[in-house]
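Asks: The structure's right below; bear with me while I get my questions together.
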Amino acid sequence: MKAIYLDLGMGAAGDMLTAALYELLDENQKKDFINKMNSLGLPGVELTPKESIKCGISGTHMKVTVHGEEEESEDVDLSRGEHDEHSHEHGDHTHHVHEHTHEHEEHTCEHGDPEMHVHNNEMHSHDHEHHHHHASMKEITDLIKKLELSDKVKTDAISIYELIAQAESHAHGKPVTEIHFHEVGTMDAVADVTGVCLLMEMLGNPKVYASDIHVGSGHVHCAHGILPVPAPATAFILQGVPVYGGSIKGELCTPTGAAILKHFVCQFGSMPSFRAEKYGYGMGKKDFEAVNCVRAMLGETAEKVEKIYEYSCNLDDITAEQIAFTIEELFKEGAVDAYTIPCGMKKSRPGLLLFAACHESDREKIIKTIFKHTTTLGMRETVSNRYFLERTITKLKTQFGDIRIKKAEGFGVKHEKYEYEDLARAARENSMSIQEIKDALDRECYDK
């Protein structure tokens, strides 16, 4: 199955992810992507791929400007008792340190990615050197919905932005409805998010795996002062995701990068069995002793095989209701399969052979469930290899409404079929047989 593995050993910023995926495209696709992004209508946004070489490795830095302005971030070296004099530009354009003076208050931009301002649930415009507008989450959602992108790309982008807004809401103790994003910080983040979503579609919506995330260490400067790395919003998004700090002082993973990964990655950790066909390197702007990049590998995952534990026992003194309930409980406790087979037992008694299979992590639960809900005094355990096809479900918009399609691929074969429950619903609603629904769907798909 087509898959991508992301090496996040030097962090994960939005534009670094965009650049790494961009490198996986062929030359014509690269031109199409840049033209598409620069003609979407994101206010003032322009993407420019730049060749970048770090530690002898050649890759792409995706420069994102808003009205010609590129975001910067400022890491802090507390060991020197001062801010980093270099004020490195961040690869994700996430922490734009810009003074704003108001009659009622004076502050720098709120920490966040993209920049957030909370102003008593009001929208403000400011006339400084630039005209700054603070967009609400609803305005961001409305903007994305109006872009000339597929429904899937827009849905993915909005879902990612919702993760960011929820994280900012939690970090600042304000409802999502009171979160407002700074125009410059927002537009480049929207470009990063929509860019990654569009690239995933152009690459065939592959399954995405990733390494544990290197978030960096030390501190970062923001409006509230000096905050630890990872920043509060990033830490909130990455709950449940394996991360580590390391010795590099700096913010390596930003909220935008974290939200993109949380949305797309199906599994974090070591690289699965994988046949790589192409590599891409997305470069950040900071320079460390190690190369500052995201490496993306495009290829095929190996056919699926896993160790499975099988349990069986013979039953001749249990009711049909009890055995049905037992099967339900087994699936609830993590069984990958459970069923019964009629069998002949000693003394010529008719009985049932109960079978259940599970992963190693669910062994104890399955054993306890069988003993609890059946009359057996013992069971047999067998360890087997389980070979299976990689399965995905896609949704098809049809004249009968949304119809799900189950797809399975691996070992050189491909299968797909309509979801039975959706076919049955359509058949009932239209007074047709299931076969008639399937035939109509086949014709509709062929016409497309």
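The values are calculated or read from the model by the stated rules, or taken from the named source; none is laboratory data. These numbers were taken from a predicted model, which means no experiment stands behind them. Neighbour counts run over all protein chains shown; Cβ positions are idealised from the backbone, glycine included. To get the accessible areas, we keep the full protein, side chains included, count just its heavy atoms, and leave off ligands, DNA and RNA. Shrake-Rupley method; radii C 1.70, N 1.55, O 1.52, S 1.80 Å.
Asks: Quick check on the range 398-409. Is at least one of its residues closer than 30 Å to ALA320 by Cβ, in contact with a helix residue (DSSP H, G or I) (Cβ under 7 Å, 6 or more places away or on another chain), touching a residue at least 12 places away in the same chain (Cβ under 8 Å) and among the hydroxyl-bearing types (Ser, Thr, Tyr)?
Replies: no
Asks: Pick from the range 188-219 the residues that are assigned to a strand (DSSP E or B) and touching a Pro at 6+ places or on another chain (Cβ under 8 Å): which of them is farthest from GLU69 (Cα to Cα)? Working first, answer last.
Replies: Taking the range 188-219 and keeping what is assigned to a strand (DSSP E or B), we get 207-210, 213-214, 216-217, 219.
Subset that is touching a Pro at 6+ places or on another chain (Cβ under 8 Å): 209, 213, 216, 219.
Values: TYR209: 33, ILE213: 29, GLY216: 26, HIS219: 25 Å.
Step by step, filter the range 188-219, then rank; the result is TYR209.
Asks: Among the residues of the range 356-378, are any open to solvent by less than 70 Å² (accessible area, probe 1.4 Å), among the aromatic types (Phe, Trp, Tyr) and more than 18 Å from LYS304 (Cβ to Cβ)?
Replies: Initial filter on the range 356-378 (open to solvent by less than 70 Å² (accessible area, probe 1.4 Å)): 356-359, 362, 366-367, 369-370, 373-376, 378.
Imposing the further condition that a residue be among the aromatic types (Phe, Trp, Tyr) reduces the set to none.
For the range 356-378, residues open to solvent by less than 70 Å² (accessible area, probe 1.4 Å), among the aromatic types (Phe, Trp, Tyr) and more than 18 Å from LYS304 (Cβ to Cβ): absent.
Asks: Within the range 42-73, take every residue that is of a type in the set (Asp, Glu) and in contact with an Asp or Glu (Cβ under 7 Å, 6 or more places away or on another chain) and give me the one that is least open to solvent (accessible area, probe 1.4 Å). Steps first, please.
Replies: At the first step, the residues of the range 42-73 found to be of a type in the set (Asp, Glu) are 46, 51, 69-72.
Next cut, in contact with an Asp or Glu (Cβ under 7 Å, 6 or more places away or on another chain) only: 70-72.
Numbers: GLU70: 33, GLU71: 0, GLU72: 80 Å².
Among them, the one singled out is GLU71.
Asks: Within the range 1-41, which residues are open to solvent by 20 Å² or more (accessible area, probe 1.4 Å), in a helix (DSSP H, G or I) and charged (D, E, K, R)?
Replies: The answer is GLU27, LYS30, LYS31, ASP32, LYS36.
Asks: Further question: Residues to consider are HIS182, HIS214; find the one that is farther than 27 Å from LYS30 by Cα, at pLDDT 90 or above and either of a type outside the set (S, T, N, Q) or buried (at least 19 other Cβ atoms within 10 Å of the Cβ) (or both).
Replies: Numbers: HIS182 fails: at pLDDT 90 or above.
Residue meeting the stated conditions: HIS214.
Asks: So, of the residues in the range 224-243 that are part of a loop (DSSP other than H, G, I, E, B) and in contact (Cβ under 8 Å) with a residue 12 or more places away in the chain, which turns out to be farthest from the chain's Cα centre (by Cα)? Spell out how you get there, then give the answer.
Replies: If we filter the range 224-243 for residues that are part of a loop (DSSP other than H, G, I, E, B), which is where we start, we get 224, 229-231, 238-242.
Now narrow it down to the ones that are in contact (Cβ under 8 Å) with a residue 12 or more places away in the chain: 224, 229-231, 238, 241-242.
On the way: HIS224: 29, VAL229: 21, PRO230: 19, ALA231: 19, LEU238: 11, VAL241: 11, PRO242: 14 Å.
Checking each candidate, the answer is HIS224.
Asks: Which of the residues belonging to the range 158-172 are free of Cβ contacts under 8 Å to residues at least 60 places away in the same chain and of a type in the set (Val, Ile, Thr)?
Replies: Across the range 158-172, the qualifying residue is only ILE158.
Asks: While we're on this one: Just name the residue that is farthest from LEU25 (Cα to Cα) out of those in the range 306-355 that are β-branched (Val, Ile, Thr) and exposed (fewer than 13 other Cβ atoms within 10 Å of the Cβ).
Replies: First, the residues of the range 306-355 that are β-branched (Val, Ile, Thr): 308, 318-319, 323, 326-327, 336, 340-341.
Right, trim to exposed (fewer than 13 other Cβ atoms within 10 Å of the Cβ) and you get 319, 341.
On the way: THR319: 60, ILE341: 51 Å.
Only one residue fits best here, namely THR319.
Asks: Now for a separate question. How many residues, within the range 398-424, are in a loop (DSSP other than H, G, I, E, B) and either on the phi > 0 side of the Ramachandran plot or open to solvent by less than 30 Å² (accessible area, probe 1.4 Å) (or both)? Let's see the steps before the verdict.
Replies: The first filter runs over the range 398-424 and keeps only residues in a loop (DSSP other than H, G, I, E, B), leaving 399-400, 411-412, 419.
Narrowing the set further to residues that are either on the phi > 0 side of the Ramachandran plot or open to solvent by less than 30 Å² (accessible area, probe 1.4 Å) (or both) leaves 400, 411-412, 419.
Adding up the residues that qualify gives 4.
Asks: Against the condition more than 30 Å from ASP317 (Cβ to Cβ), out of contact with any Pro (no Cβ under 6 Å at 6 or more places or on another chain) and assigned to a strand (DSSP E or B), how does LYS438 come out, does it pass? Show your work before the answer.
Replies: On the way: more than 30 Å from ASP317 (Cβ to Cβ): yes; out of contact with any Pro (no Cβ under 6 Å at 6 or more places or on another chain): yes; assigned to a strand (DSSP E or B): no.
So LYS438 fails the test.
Asks: Applying the selection to the range 312-333, what residues are of a type in the set (Asp, Glu) and part of a loop (DSSP other than H, G, I, E, B)?
Replies: Answer for the range 312-333, where residues must be of a type in the set (Asp, Glu) and part of a loop (DSSP other than H, G, I, E, B): ASP316, ASP317, GLU333.
Asks: To continue, here is another question. Quickly run through the range 372-397 and pick out the residues that are in a strand (DSSP E or B) and among the hydroxyl-bearing types (Ser, Thr, Tyr).
Replies: Filtering the range 372-397 for residues in a strand (DSSP E or B) gives 380-388, 390-397.
Of everything in the range 372-397, those that are in a strand (DSSP E or B) and among the hydroxyl-bearing types (Ser, Thr, Tyr) turn out to be THR382, SER384, TYR387, THR392, THR394.
Asks: Just one of GLY250, GLY246, GLY257 is closer than 20 Å to ALA290 by Cα, outside any strand (DSSP E or B), open to solvent by less than 60 Å² (accessible area, probe 1.4 Å) and modelled with pLDDT under 85; which is it?
Replies: Working: GLY250 fails: outside any strand (DSSP E or B); GLY257 fails: modelled with pLDDT under 85.
Criteria check complete, one pass: GLY246.
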